[in-house]
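No lab work stands behind these numbers, since they all come straight from the coordinates. Note that the structure is a prediction, hence the values are computed from the model and not measured. Neighbour counts are summed over all protein chains in view; Cβ atoms, including those assigned to glycine, are modelled from backbone coordinates with ideal geometry.
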Amino acid sequence: MQPRTPTRFIDPALLAGISHLDLVAKTVVDGFVAGLHRSPDFGFSQEFAEYRAYTPGDDLRHVDWNVYARTGRAYLKRYRGETNSQLVLMLDTSASMGYSSHGITKLDYSRYLAVSLAYLGNLQRDAAGVIIFDDDVRNYVQPSTRQGQFMRVAHAIEQAQTGTHTDFAKPFIHFQQFLRRRGIVVVISDFYEQPEVVIKTVEPLRYRGNDLILFHVLDPQEIRPKLKEPSLLVDMETDDAIEVSPEYAKEEYGSKIDAHISALKTKANAANIDYCLLSTDRPLDDALREYFLIRKGRL
């Protein structure tokens, strides 16, 4: 059996103890990238093309320090397709995203994922931006590669608060109004909406040549609830309440959530939209690995 790569630094529960999201992103991505160097199966999406000599004013992050250590000369790596990608993160902050059964809410997990993807995009010189939404657009940071863009995106994500119910139509109409060029659109949500409504709403983005990825974030108790006695469950968006028995939770609810997940995945795949289910106890390196697999398949 192959030894498992340690993921303790990328455990979402431990990330909750880090004070700022930019530090969360650095912790997650730096740990993940270190793992990539040990794996022959993964690499950054941009293909290495050539070196060029460093000139004053160049970004020191792109200096190959290994070459510098050997030669005493500074060279920058250049990549094919450099700065030609746009990454837009769409983060659902509806009330249901505030749910947690184990110390980390769906919104916190989604924040960690979103800011890590933004940081990863920054490393790859992608033009990253974010839309925060519930039943309306609450914040929008336009995609850009200008200085300080990652911190602008990280601040917007960190300030996101749970709102009301979800309305997918408004943020996607908003996004299409400001869409200037095609790229990658990542939607992070618990998708408590009919699968056909979700896909019908987001599908037009595919017509414009965008690669679309749906990250379906759920709490473990939402996927497989474990009740020891009858419980009163309250809808966080509508305040509707229903008494649920352990038998119902295990059998009827289980089949219903499985059908919802299956339908969303099937309809997404049929529309050429990528889908990934994430439980909030899943290490963040697994989530990034999934993203890399999807993105690698698009190149």
Inset, instruction - Kindly work out what percent of the DSSP beta bridges joining two residues of the stretch 86-298 are antiparallel, to the nearest 5. - result: 25 percent
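Pulled fully out, how much extra length does the chain show between GLN147 and LEU14, if you take 0.36 nm times their separation in residues and subtract their Cα-Cα distance?
On the way: separation 133, 0.36 × 133 = 47.88 nm, distance 3.00 nm.
Taking GLN147 through LEU14 to full extension adds about 44.9 nm, to one decimal.
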Inset, instruction - At 0.36 nm per residue, minus the direct Cα-Cα distance, what do LEU123 and TYR207 gain on full extension? Give it in nm, one decimal, please. - result: 27.4 nm
Legend entry - Over the stretch 86-298 - Rg/Rh using Cα atoms and the Kirkwood inverse-distance radius: 0.97
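Name the shape class, rounded, prolate or oblate, that the alpha-carbon gyration tensor gives for the stretch 99-176, where a ≥ b ≥ c are the square roots of its eigenvalues, rounded holds for a/c under 1.5, and otherwise prolate holds if a/b is larger than b/c and oblate otherwise.
Numbers: a/c = 2.37, a/b = 1.26, b/c = 1.88.
In terms of gyration-tensor shape, oblate.
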Legend entry - Cα-projected label distance for LEU277 with THR71, points at 7 Å along beta-carbon direction, nm: 5.0 nm
Inset, instruction - Quote the FRET efficiency, to the nearest 0.05, computed for GLU247 versus HIS102 with a Förster distance R0 of 30 Å and r equal to the Cβ-Cβ distance. - result: 0.80
Inset, instruction - Sticking with the crude label model, points 7 Å out along Cα→Cβ, report the distance from ASP167 to ARG181 in nm, one decimal please. - result: 3.3 nm
Inset, instruction - Would you grab the residues whose amide H sits under 5 Å from the one on LEU87? Only those 5+ places off in sequence or on another chain, please, with H modelled 1.01 Å from N. - result: ALA127, ALA128, GLY129, ILE184
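Please tell me the relative contact order of the stretch 155-213 in percent, rounded to the nearest whole number, where contacts are Cα pairs under 8 Å and at least six residues apart. Intermediate values should be presented prior to the final figure.
Working: 29 pairs, mean separation 25.7, N = 59.
Averaging sequence separation for qualifying contacts and normalising by length gives 44 percent for the stretch 155-213.
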Legend entry - Calculated FRET efficiency for the pair ALA259/ASP136, C-beta based, R₀ 30 Å, to 0.05: 0.50
